[in-house]
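Colleague: Questions regarding the structure given below will be posed in turn.
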Amino acid sequence: MAAADLEAIARKMVEGGRGILAADESNTTANKRLAKVKVDGTVDNRQAYREMLFTTPRLGEYISGAILYDETIRQTTKAGVPFVKILNDQNILPGIKVDAGTKKLAGSPNETITEGLDGLGERLAEYFKLGAKFTKWRAVITPDEKNKTPTDYAIHVNAHALGRYAKLAQDAGLVPIVEPEVLMDGTHSIEYAREVTARTLHCVFNELHDQQVMLEGMVLKPNMVIAAQDSPKQASREQVAEWTVKTLKRFVPSAVPGIAFLSGGQDEAEATEHLNLMNKMGPLPWKLSFSYGRALQDSSLKTWAGKSANVEAAQRVLAHRSKMNWAASTGKYTNDMEKAA
């Protein structure tokens, strides 16, 4: 695929306030989420849940792309229509998660490396034929303020893998979503989150440059700069927005067309409000959008709860949450919009 085509897809993924639905949970993770609403983790139930999500009326007005899992990109509706076609008909780009998850990093007591590079070129070619337009790879960086991790070693090996993946994806005609996630698990402060995020982004973009990744044909999916969930001191939403934007400005080149934040464990309203505050700080060098999983799906999943009678209600919930984040991506979100809904 020509460079211009990759750039056009990347821009479409973040333009107009639309964001990305992260529906790339592995079967194991999907089963755990189904279990929370007392639904058995079977192939049929996973299919039914995903069909509920992807057939939501007018979803394409707020969602530009959907990240799928290997099982999902091969699935159809009960009527036999491929999910890829359902998404395309909604003007939603189909994407695919291609990493193989994290494993313990050799030489480190508590850090991880994301695997999946072996045979990746062949898998990318297959996903392209199946209709994928973009891909995603997640690197996991775990801050521990007390033990002063992550190490430079852990950041480097994960950044190197992100660079290799991104180049392979572009060579296969797919736009890479590059996701270096600094976790918000633990007790670290927002100050430490900013330090680790800065180190991570600096290393990632050095690797992307060294491995000749075309920045115009990619999307960054980072964490927000936020204190850990169990930190005794939580920052205000204004501080999170300010520190996140300042950190991104220092390390993310303006050639990158867009940044689609992960929610990282934030609740639905919190993730929306943070995104809105950042977009009110413009003009910015890149589009700021969203690529949320739980922060888009949780309320919809609970409403659905495996019952066909609840499908329409669950779809209204998903459409509402998507619309709220679409508004936040343009800096026009207000709490009154939640009340009106």
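All of the numbers you see were taken from the coordinates with simple rules; none came from a lab. The structure displayed is predicted, hence computed values, not measured ones. Positions of Cβ are generated from backbone atoms using ideal geometry, with glycine treated the same way; all protein chains shown enter the neighbour counts.
Colleague: Kindly indicate whether residue 112 is of a type in the set (S, T, N, Q) and under 22 Å from residue 245 (Cα atoms).
Modeller: Spelling it out, it is not the case that residue 112 is of a type in the set (S, T, N, Q) and under 22 Å from residue 245 (Cα atoms).
Colleague: Among 114, 135, which is the only one that is in contact with a strand residue (DSSP E or B) (Cβ under 6 Å, 6 or more places away or on another chain), among the polar types (S, T, N, Q), buried (at least 21 other Cβ atoms within 10 Å of the Cβ) and under 16 Å from residue 183 (Cα atoms)?
Modeller: After applying the criteria, what remains is 114.
Colleague: For the stretch 95-111, how many residues meet the condition of being under 18 Å from the mean Cα position of the chain (by Cα) and free of Cβ contacts under 8 Å to residues at least 40 places away in the same chain? Steps first, please.
Modeller: Of all residues in the stretch 95-111, those under 18 Å from the mean Cα position of the chain (by Cα) come to 95-102.
Add one more test, that the residue is free of Cβ contacts under 8 Å to residues at least 40 places away in the same chain, and what stays is 100, 102.
So the count comes out to 2.
Colleague: Does residue 243 satisfy the criteria of being in a helix (DSSP H, G or I), of a type in the set (A, V, I, L, M, F, W, C) and over 26 Å from residue 196 (Cβ atoms)?
Modeller: The answer is no for residue 243.
Colleague: Taking the condition surrounded by 17 or more Cβ atoms within 10 Å (Cβ to Cβ), within 17 Å of the chain's Cα centre (by Cα) and closer than 19 Å to residue 303 by Cβ, does residue 30 pass? Steps first, please.
Modeller: Details: surrounded by 17 or more Cβ atoms within 10 Å (Cβ to Cβ): yes; within 17 Å of the chain's Cα centre (by Cα): yes; closer than 19 Å to residue 303 by Cβ: yes.
Here the answer is yes, as residue 30 does meet what is asked.
Colleague: Answer yes or no: is there a residue in the stretch 59-73 that is among the β-branched types (Val, Ile, Thr), crowded, with 22+ Cβ neighbours inside 10 Å, out of contact with any helix residue (DSSP H, G or I) (no Cβ under 6 Å at 6 or more places or on another chain) and under 30 Å from residue 277 (Cβ atoms).
Modeller: Yes, the stretch 59-73 contains a residue that is among the β-branched types (Val, Ile, Thr), crowded, with 22+ Cβ neighbours inside 10 Å, out of contact with any helix residue (DSSP H, G or I) (no Cβ under 6 Å at 6 or more places or on another chain) and under 30 Å from residue 277 (Cβ atoms).
Colleague: Scan the stretch 253-278 for residues that are among the aliphatic types (A, V, I, L, M), surrounded by fewer than 20 Cβ atoms within 10 Å (Cβ to Cβ) and over 21 Å from residue 185 (Cα atoms) and report the count. If you could, list the steps in order and put the result at the bottom.
Modeller: As a first pass, look at the stretch 253-278 and keep what is among the aliphatic types (A, V, I, L, M): 255-256, 259-260, 262, 269, 271, 275, 277-278.
Subset that is surrounded by fewer than 20 Cβ atoms within 10 Å (Cβ to Cβ): 255, 269.
Of the ones still in play, those that are also over 21 Å from residue 185 (Cα atoms) are 255.
Number of matching residues: 1.
Colleague: Turning to a different aspect of this structure: Residue pairs, Cβ under 8 Å, 6 or more apart or interchain, first in the stretch 112-133 and on the phi > 0 side of the Ramachandran plot, second surrounded by fewer than 18 Cβ atoms within 10 Å (Cβ to Cβ) and assigned to a loop (DSSP other than H, G, I, E, B). List them.
Modeller: If the second residue must be surrounded by fewer than 18 Cβ atoms within 10 Å (Cβ to Cβ) and assigned to a loop (DSSP other than H, G, I, E, B), the pairs left are 116/100; 116/101.
Colleague: State whether the residues of the stretch 286-296 include one that is of a type in the set (S, T, N, Q), assigned to a helix (DSSP H, G or I), touching a strand residue (DSSP E or B) at 6+ places or on another chain (Cβ under 8 Å) and closer than 23 Å to residue 184 by Cβ.
Modeller: No - not one qualifying residue is present in the stretch 286-296.
Colleague: On to the next question. Given the criterion under 27 Å from residue 278 (Cα atoms), crowded, with 21+ Cβ neighbours inside 10 Å and not charged (D, E, K, R), identify the matching residue among 183, 168, 215, 162.
Modeller: Values: 183 fails: crowded, with 21+ Cβ neighbours inside 10 Å; 168 fails: under 27 Å from residue 278 (Cα atoms); 215 fails: crowded, with 21+ Cβ neighbours inside 10 Å.
162 is the lone residue from the list that is under 27 Å from residue 278 (Cα atoms), crowded, with 21+ Cβ neighbours inside 10 Å and not charged (D, E, K, R).
Colleague: While we're on this one: Which residues, taken from the stretch 325-340, are aliphatic (A, V, I, L, M) and either touching a Leu at 6+ places or on another chain (Cβ under 8 Å) or free of Cβ contacts under 8 Å to residues at least 24 places away in the same chain (or both)?
Modeller: Scanning the stretch 325-340 gives 328, 337, 340.
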